[in-house]
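The values are calculated or read from the model by the stated rules, or taken from the named source; none is laboratory data. What you see is a predicted model, and the numbers here were worked out from it, not measured in a lab. Here the Cβ positions follow ideal geometry from the backbone for every residue, glycine too, while neighbour counts run over all protein chains shown.
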Amino acid sequence: MVMHNNGLFITGTDTGVGKTVITAGLLGALRRRGTNAIAIKPIQSGGILRENQLISEDAYFYGAVTDLPYTSRELNPICLQPSLAPAVAAEIEGVTLNLETMLDHFLKISAEHQLTLVEGAGGLMVPLVSTGVTVADLAVRMNLPLLVVARPNLGTINHTCLTVAYAKARGLKVAGIIINMYDHHNSGVAERTNPGLIETMTGVPILGLVPMVEGLTVEGENPQPGDLITLIENYVDVDQLLKTLNHEIF
Ligand SMILES: Nc1ncnc2c1ncn2[C@@H]1O[C@H](COP(=O)(O)OP(=O)(O)OP(=O)(O)O)[C@@H](O)[C@H]1O
Ligand SMILES: [Mg+2]
């Protein structure tokens with residue numbers, strides 16, 4: 001069995017599916033259990049300029065949900081302003097990106113913490129450093145199992161199965177799938193049947209169906225997480241995830 005590093009790489013079937021919400025909520029749940037888990041966003045594009053500093057709203061949100069300070073560049077070492085794929089944003093800004101630097105940062109952080117959650121950018125095939133170096137390459141180099149965040153509605157079977165198939169083709173282990181923004185009360189036939197079909201077709205466990213919560217926002221100067229940690233504890237099988245991770249890591 002391949003031993004992984006002590007963490008989890010959170011990817012999604014697309015941008016905007018809820019990677020940050022799930023990462024921050026899981027982080028809070030893991031810290032509530034007494035671990036010193038941390039979350040990092042190795043590269044943020046679409047950074048927000050606030051008081052002359054580029055802010056990663058994703059990493060800022062990890063701080064809004066937990067007591068982790070968003071001060072140094074620890075939670076987000078690289079932040080680019082254009083809201084584009086990182087490789088494209090970097091080219092526009094004239095910034096040279098380096099996979100080794102991202103890896104060094106991760107190894108330093110993960111040596112100091114029991115678990116490091118790493119949020120990717122967009123999905124696995126997003127160009128990260130160049131068209132030839134994608135988010136999947138970062139996950140491979142970090143040697144982390146994946147968590148895939150997916151949306152609940154029509155079309156998600158295809159996106160989720162493709163993501164898992166590509167992950168497996170790249171030798172990545174997929175620890176679980178979380179379906180986000182799931183409507184437990186008014187779901188149609190697609191929403192009701194998708195989780196079971198995805199589980200059967202991928203062979204990867206669905207670890208949670210996380211509902212849409214009114215008012216929850218990642219973006220802006222005052223992000224509104226509400227009681228996100230309790231939401232994750234109620235709707236995600238954190239025990240099962242930890243069991244899988246312990247099995248993969250130790
Ligand atoms: N369960 C939820 N309930 C309500 N709103 C949600 C939920 N999950 C995500 N959102 C909202 O959807 C938007 C996108 O979510 P999020 O930022 O977590 O996506 P992402 O996959 O991290 O996107 P990116 O690729 O930009 O990093 C945010 O405004 C967030 O507040
Ligand atoms: Mg995000």
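Values as computed for the structure displayed
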| item | result |
| --- | --- |
| Residue count, region 1-33 (criterion: modelled with pLDDT of 95 or more and away from ligand 1 (no atom under 16 Å from the Cβ)) | 6 |
| Any chance GLU221 is within 16 Å of ligand 1 (Cβ to nearest atom) and surrounded by fewer than 12 Cβ atoms within 10 Å (Cβ to Cβ) | yes |
| Every residue from region 61-77 that is crowded, with 22+ Cβ neighbours inside 10 Å and either over 17 Å from ASN36 (Cβ atoms) or basic (Lys, Arg) (or both) | PHE61, ASN76 |
| Members of region 54-77 that are part of a loop (DSSP other than H, G, I, E, B) and either at pLDDT 95 or above or more than 17 Å from GLU221 (Cβ to Cβ) (or both) | SER56, THR66, ASP67, LEU68, SER72, ARG73, GLU74, LEU75, ASN76, PRO77 |
| Residue count for region 108-136, restricted to those that are more than 13 Å from PRO42 (Cα to Cα), within 15 Å of ligand 1 (Cβ to nearest atom) and either modelled with pLDDT under 95 or in a loop (DSSP other than H, G, I, E, B) (or both) | 4 |
| In region 183-211, the residues that are over 26 Å from LEU8 (Cα atoms) and in a helix (DSSP H, G or I) | VAL189, ALA190, GLU191, ARG192, THR193 |
| Failed condition for ALA139, given (1) within 16 Å of ligand 2 (Cβ to nearest atom); (2) assigned to a loop (DSSP other than H, G, I, E, B); (3) at pLDDT 95 or above | (2) |
| Of residues in region 7-48 being of a type in the set (D, E, K, R) and part of a loop (DSSP other than H, G, I, E, B), the one nearest to ligand 2 (Cβ to nearest atom) | LYS41 |
| In region 68-98, the residues that are in contact (Cβ under 8 Å) with a residue 24 or more places away in the chain and either closer than 19 Å to GLY25 by Cβ or β-branched (Val, Ile, Thr) (or both) | LEU68, LEU75, ASN76, ILE78, VAL88 |
| Of all residues making up region 149-161, the number that are in contact (Cβ under 8 Å) with a residue 60 or more places away in the chain and more than 10 Å from VAL17 (Cα to Cα) | 3 |
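One line per residue, one yes/no per condition, for (1) part of a helix (DSSP H, G or I); (2) polar (S, T, N, Q); (3) farther than 23 Å from THR66 by Cβ:
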| site | (1), (2), (3) |
| --- | --- |
| VAL213 | no, no, no |
| ASN222 | no, yes, no |
| LEU231 | yes, no, no |
| ASN234 | yes, yes, no |
| LEU245 | yes, no, no |
